[in-house]
Ligand SMILES: [Zn+2]
């Protein structure tokens, strides 16, 4: 554990960078200075029907043009994209994303052609980690794991101050670890019992219904279409923390967290993503009750960056793949 320090300068050209955070639900684009100030941000929803990948690239182009007029664009240091993975081995496209119904989404090529700027792409596990490492938890720890509980679940790993990337930069696809056979739910990737198939924003409503069914609970009149509906319903109870579904979700999340602890031995696990940030008491608190204690217990915290980590990380890779924590070039 280091004592708090100020963020180190980001390597690469110093102009404003264009950061793109392509999730499975929302697209965010931002202008980010070399010192990590987000000057402007635009958020848009991805359409539910995606006939082809062009729809996504067109939306990114429109949003970037709305963000930055031509003159500012031509001076930009580059475009960095953090995308819900997996990223392909050429680092130009995402392939078989479990939460977007397309086989391949080429990103770097079409956007580079459109804007005449360098475009660099990484798994959003990696951009989230980089943002956190430069501006958030990384200011006090060299050994932490960044976990996003959002539409999907992913992680970024900083080990002794180095990025852990794996072959294609997908080492943090932790949402696809096995956590359960009791409910035997199928994940978006096709696997069974994966963490993301239970505790992600996309699959929490299905897990909740499966839990109700297993316990003979009438779904009643409260429709549960989104993760937030579940937490809103639970918060109406006298003691939300004692709700049995909160415990069941805590058990599932603790399996994923226990795997992270034995795989990476972090001193801290930083949670990000709307599911964790909106409900830290109901989602993160119960993990402590169920997680394994074979190795020393890490701190479990929420990101101090209020959802900005993936954009800040995308701006870092926009300036080049070299970072203070190692190269994203793999
Ligand atoms: Zn999976």
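Report yes if residue 189 is within 15 Å of the ligand (Cβ to nearest atom), assigned by TED's automatic domain parsing to the domain that holds residue 35 and modelled with pLDDT under 95, otherwise no. Here the answer is no, as residue 189 does not meet what is asked. For the range 99-136, taking the residues that are in contact (Cβ under 8 Å) with a residue 60 or more places away in the chain and out of contact with any strand residue (DSSP E or B) (no Cβ under 9 Å at 6 or more places or on another chain), the one that is nearest to residue 59 (Cα to Cα) is identified as 99. Scan the range 238-255 and tell me whether some residue there is more than 18 Å from residue 177 (Cβ to Cβ) and touching a strand residue (DSSP E or B) at 6+ places or on another chain (Cβ under 6 Å). Looking through the range 238-255, none of the residues is more than 18 Å from residue 177 (Cβ to Cβ) and touching a strand residue (DSSP E or B) at 6+ places or on another chain (Cβ under 6 Å). Look at (1) under 26 Å from residue 30 (Cα atoms); (2) touching a strand residue (DSSP E or B) at 6+ places or on another chain (Cβ under 8 Å); (3) in a loop (DSSP other than H, G, I, E, B) and you find that residue 306 fails only one, number (2). Looking only at residues in the range 243-270 that are without any contact (Cβ under 8 Å) to a residue 40 or more places away in the chain and within 27 Å of residue 131 (Cα to Cα), the one that is surrounded by the most Cβ atoms within 10 Å (Cβ to Cβ) is 261. Looking only at residues in the range 160-182 that are crowded, with 16+ Cβ neighbours inside 10 Å and away from the ligand (no atom under 14 Å from the Cβ), the one that is farthest from residue 133 (Cα to Cα) is 168.
Specify which of the listed residues (208, 198) is over 19 Å from the mean Cα position of the chain (by Cα), on the phi < 0 side of the Ramachandran plot and either within 15 Å of the ligand (Cβ to nearest atom) or free of Cβ contacts under 8 Å to residues at least 60 places away in the same chain (or both). Sole residue among the options that is over 19 Å from the mean Cα position of the chain (by Cα), on the phi < 0 side of the Ramachandran plot and either within 15 Å of the ligand (Cβ to nearest atom) or free of Cβ contacts under 8 Å to residues at least 60 places away in the same chain (or both): 208. Filtering the range 44-54 to residues that are modelled with pLDDT of 95 or more and either touching a helix residue (DSSP H, G or I) at 6+ places or on another chain (Cβ under 8 Å) or surrounded by 14 or more Cβ atoms within 10 Å (Cβ to Cβ) (or both) leaves only 44. If you go through the range 65-95 and keep only what is within 16 Å of the ligand (Cβ to nearest atom) and free of Cβ contacts under 8 Å to residues at least 12 places away in the same chain, you end up with just 95. Checking every residue in the range 257-264 against the condition of being in contact with a strand residue (DSSP E or B) (Cβ under 6 Å, 6 or more places away or on another chain), in the same structural domain as residue 201 (by TED's automatic domain parsing) and within 18 Å of residue 154 (Cβ to Cβ) gives at least one match.
Among all positions in the range 200-223, there is no residue which is closer than 16 Å to residue 260 by Cα and in contact with a helix residue (DSSP H, G or I) (Cβ under 6 Å, 6 or more places away or on another chain). What do you reckon, is residue 84 in the same structural domain as residue 24 (by TED's automatic domain parsing), under 21 Å from the mean Cα position of the chain (by Cα), surrounded by fewer than 21 Cβ atoms within 10 Å (Cβ to Cβ) and under 30 Å from residue 260 (Cα atoms)? Taking the combined requirement at face value, the residue does not satisfy it. Against the list (1) modelled with pLDDT under 95; (2) within 16 Å of the ligand (Cβ to nearest atom), the condition residue 236 fails is (2).
The values are calculated or read from the model by the stated rules, or taken from the named source; none is laboratory data. Since we're looking at a predicted model, the values are computed, not measured. We place every Cβ from the backbone using ideal geometry, glycine too, and count neighbours over all the protein chains shown.
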